[in-house]
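The values are calculated or read from the model by the stated rules, or taken from the named source; none is laboratory data. Keep in mind the model is a prediction, meaning the values are calculated, not measured. A quick note on method: Cβ atoms are made from the backbone with ideal geometry, for glycine too, and the neighbour counts reach across all protein chains shown. Only protein heavy atoms, including side chains, enter the accessible area calculation; ligands, DNA and RNA are left aside. Shrake-Rupley method; radii C 1.70, N 1.55, O 1.52, S 1.80 Å.
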Amino acid sequence: MGTTFEDKKEISAFIVANRKNFQDKLLSEAVNVGSKIDDILKKGNIDLLKNAEKLVVYIAESHEKELEEFAKIEGVAWAEHSLTLAFKLEWVQAIRRTLWHFLYEYDKMYETQTDREEFYELEKRINDNVDRFLNNFFISYSDFKDQQLLSQRKLVEHLSVPIIPISSMIAVLPLIGTIDSYRIQTIEEKILMNIASLKIQTLIIDMSGVAEMEIDIIVHLQRLLGGINMMGCEAVMTGLRVDLVRKMIHSGVSFEKDALTKGTLQQTLREYLVLEPCK
């Protein structure tokens, strides 16, 4: 095995030349995945058998750069089409076992000799390359999913800041749920952008649906109210809940300098719509 196995291209050429046997052995090693090959091809345009052969060549010939790039491409493809990670792990482990089977067959065919040191060197190289593929695959898969989740979160956050024009000069922003540091930044961006684009002169911010706000978020909101004023827009706060007001009192934070405070949104709307001049 020693001197012959040193020629990495001969090993991969042997596997390619015995493609049908390689595929049959691989499918027998990965029974669960084998039954899903056609589904994966249709869903993600991913040819598992063709890609398995490419992976084996990269592993056998120690093309580390190509191996890592291939792993990243595969990771994105599986993440993009939401393919099952358990199938991928089973498939790669089946590829590992099948590759070792063909290394044994190659050794037996050519009746080569090896010593212990040469065998362990080969074992380390092959298994390290398989693990390198898996590591890069999972990192790529995870990075794609993280970016996807971030994009979805940004979309949801923007949808959760509905600035509703109720007249040519007045708009309402009803806030609902918990407001954290990420969401307050989204609120800030959307408020300032909409004041400029919609020429809003009065923005009524209803807080009756806000479940929780930490003191640092309250301070951020106070600064945002000052920014609203700087843009020539009047800020009106409605629906401040008792627990939120109590927290503001004890922390010395107040909205009074930068915004009018009213009781309920309904009362405020009646007041402002009556006061708005007719055109």
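Numbers below:
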quantity	calculated
Residues located in the stretch 115-129, provided they are farther than 21 Å from Gln93 by Cβ and of a type in the set (A, V, I, L, M, F, W, C)	none
Within the stretch 1-87, helices (runs of 4 or more DSSP H) holding 1 or more residues that are within 19 Å of His101 (Cβ to Cβ) and within 28 Å of the chain's Cα centre (by Cα)	31-34, 48-60
First in the stretch 28-49 and more than 12 Å from Ile95 (Cα to Cα), second anywhere and at pLDDT below 85, Cβ under 7 Å, 6 or more apart	Asp47/Leu41
Of residues in the stretch 88-141 being more than 38 Å from the chain's Cα centre (by Cα) and basic (Lys, Arg), the one modelled with the highest pLDDT	Lys108
Considering residues of the stretch 226-256 that are of a type outside the set (A, V, I, L, M, F, W, C), touching a residue at least 24 places away in the same chain (Cβ under 8 Å) and open to solvent by 20 Å² or more (accessible area, probe 1.4 Å) only, the residue farthest from Asp206 (Cα to Cα)	Ser251
Answer residue from the stretch 151-173, given it is open to solvent by less than 70 Å² (accessible area, probe 1.4 Å) and free of Cβ contacts under 8 Å to residues at least 40 places away in the same chain and is nearest to Ala86 (Cα to Cα) among those	Glu157
Residue check for Ile176: open to solvent by 50 Å² or more (accessible area, probe 1.4 Å) and outside any helix (DSSP H, G or I)	yes
Positions within the stretch 209-225 being outside any helix (DSSP H, G or I) and either surrounded by 16 or more Cβ atoms within 10 Å (Cβ to Cβ) or of a type in the set (D, E, K, R) (or both), in sequence order	Val210, Glu212, Met213, Glu214
Residue identified as closer than 24 Å to Glu121 by Cβ, out of contact with any Cys (no Cβ under 9 Å at 6 or more places or on another chain) and loosely packed, with under 14 Cβ neighbours inside 10 Å among Lys9, Lys50, Lys43, Lys20	Lys9
Residue match in the stretch 23-34 (condition: in contact with a Ser or Thr (Cβ under 6 Å, 6 or more places away or on another chain), surrounded by 14 or more Cβ atoms within 10 Å (Cβ to Cβ) and of a type outside the set (D, E, K, R))	yes
